[in-house]
Amino acid sequence: MELNYSGRNITISDRFREYVDEKITKVDQLATKVQRIDVKVVKEAHARDQSTALSVELTVVGRGPAIRAEARGADKFAAFDVAFAKLLERLRKARDKRKVHRGSHTPVAVHQATSSLPVVSTEKSLVEETLAARAASEAEEAEANREYSPVVIRRKSFPAEVMSVDDAVDRMELVGHPFYLFIDEATGEHSVVYGRTQYQYGVITLDASLNADEVSATETRGYRDKAMATEG
């Protein structure tokens, strides 16, 4: 397994590398065929709040989709601990879903899957942390080339992937994003899956045949279930 380090506005010390090397071995216990793990450390040059000036992003690359986790903290060690706890939780979820798909095990409850994780005190949710870290990084890159503005709009393009709604939910959870854009294999439409509440997800699809004041019927079903129920 290859371990890659990168830093922006900060030097990756030997002590930090040793700390990460010692803990990262747990990944092998939860994931198979891991090719590499990327550790990215970013220091915000002009951070107003020094308690979140550093961010650590961990990416596991191997067979299947990449699994990521990110966190911010006052120093890179604290940020790594939070990000690593999130990464282990997502790896456990991915492993448990593989077992369920093979039909040899039953799903593991969330409280059981996360019972061994260290308790981390944070005032922000995962979505808030991810969005805040991304906004801070992008603002830092653009600050040198433009006048500061509190409103930033950035466009990104990704390859269009055809998959089921269930696979889109899995991808969204693995990368820790609040939504995931995909092409629904059942309808051929560009759709977005997003988290609503715990264990509940929504799917939005644009339909050019509908008028502005029309909304199609709402369909519900369980995870990996084939049958769909239509709500009035």
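What follows draws every value from the coordinates through simple rules; no lab data is involved. Please read these numbers as outputs of a predicted model, since none were measured by experiment. Virtual Cβ from ideal backbone geometry, glycine too; neighbours counted across all protein chains shown.
Quick notes
Per-residue answers, yes or no, for (1) without any contact (Cβ under 8 Å) to a residue 24 or more places away in the chain; (2) over 24 Å from Ala135 (Cα atoms); (3) crowded, with 19+ Cβ neighbours inside 10 Å:
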{"residue": "Tyr5", "(1), (2), (3)": "no, no, no"}
{"residue": "Tyr19", "(1), (2), (3)": "no, yes, no"}
{"residue": "Val39", "(1), (2), (3)": "no, no, yes"}
{"residue": "Val60", "(1), (2), (3)": "no, no, yes"}
{"residue": "Glu70", "(1), (2), (3)": "no, no, yes"}
{"residue": "Asp75", "(1), (2), (3)": "yes, no, no"}
{"residue": "Ala79", "(1), (2), (3)": "no, no, yes"}
{"residue": "Ala83", "(1), (2), (3)": "no, no, yes"}
{"residue": "Arg92", "(1), (2), (3)": "no, yes, yes"}
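- Some residue of the range 4-14 being over 17 Å from Asp75 (Cα atoms), not β-branched (Val, Ile, Thr) and not in a helix (DSSP H, G or I): yes
- Residue that is surrounded by the fewest Cβ atoms within 10 Å (Cβ to Cβ) [pool: residues in the range 157-179 that are free of Cβ contacts under 8 Å to residues at least 60 places away in the same chain and touching a Ser or Thr at 6+ places or on another chain (Cβ under 9 Å)]: Pro178
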